[in-house]
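Enquirer: Supplied in structure tokens, the structure appears directly below.
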């Protein structure tokens, strides 16, 4: 799993270089998981570099230590609450990383191989390769998200004030209502069909 995370972060940094951007810098010292998470933000219109910036901060959050329970984003009453909180927040970070990679991939994805795009076949194939890499990177976070959700739901009688949305995510994963393996698998199957359609194009296509 650590190797997969390093590969995913490398993908994000590579994307920064491809898009001509540099990893963001915080305006104040950042040390803890919750601080890095607060740097993640949603844009009304999200461009590739916005998704990459979010991926960077979320990856940094995954690697950072938790802050003192006094400053957690939920009320922590004892060590049991603290344990469940840690499972839930790390699971949430995995889900946000999946979402941001899917957003990034969608910016390079091609839903249909239109015949009139034949003159740009190579460019479209390269774009699909980038989208595929983003989708596969998203999938790498799913097993850990599932494992953390299972641990959190095993402590379902330990309630956390201000963290109902985290518990709801864990419940949806645990019951199978949310299944990113299926969602991303469907995206990859469709993408590969579109790629095959582009690969079949020749001088007579258009």
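We did not get these values from a lab; they are worked out from the coordinates using the rules stated. Everything quoted here is computed from the prediction, not taken from an experiment. Note that each Cβ is placed from the backbone with ideal geometry, even for glycine, and that neighbours are counted across all protein chains shown.
Enquirer: Tell me yes or no: at least one residue of segment 84-101 is in a helix (DSSP H, G or I), within 14 Å of the chain's Cα centre (by Cα) and free of Cβ contacts under 8 Å to residues at least 40 places away in the same chain.
Expert: There is at least one residue in segment 84-101 that is in a helix (DSSP H, G or I), within 14 Å of the chain's Cα centre (by Cα) and free of Cβ contacts under 8 Å to residues at least 40 places away in the same chain.
Enquirer: Do we find a residue being over 19 Å from residue 101 (Cβ atoms) and in contact with a helix residue (DSSP H, G or I) (Cβ under 6 Å, 6 or more places away or on another chain) anywhere in segment 181-194?
Expert: No; the residues of segment 181-194 include none that is over 19 Å from residue 101 (Cβ atoms) and in contact with a helix residue (DSSP H, G or I) (Cβ under 6 Å, 6 or more places away or on another chain).
Enquirer: Kindly provide the set of residues from segment 110-158 that are in a loop (DSSP other than H, G, I, E, B) and free of Cβ contacts under 8 Å to residues at least 12 places away in the same chain, ordered by number.
Expert: 114, 154, 156, 157
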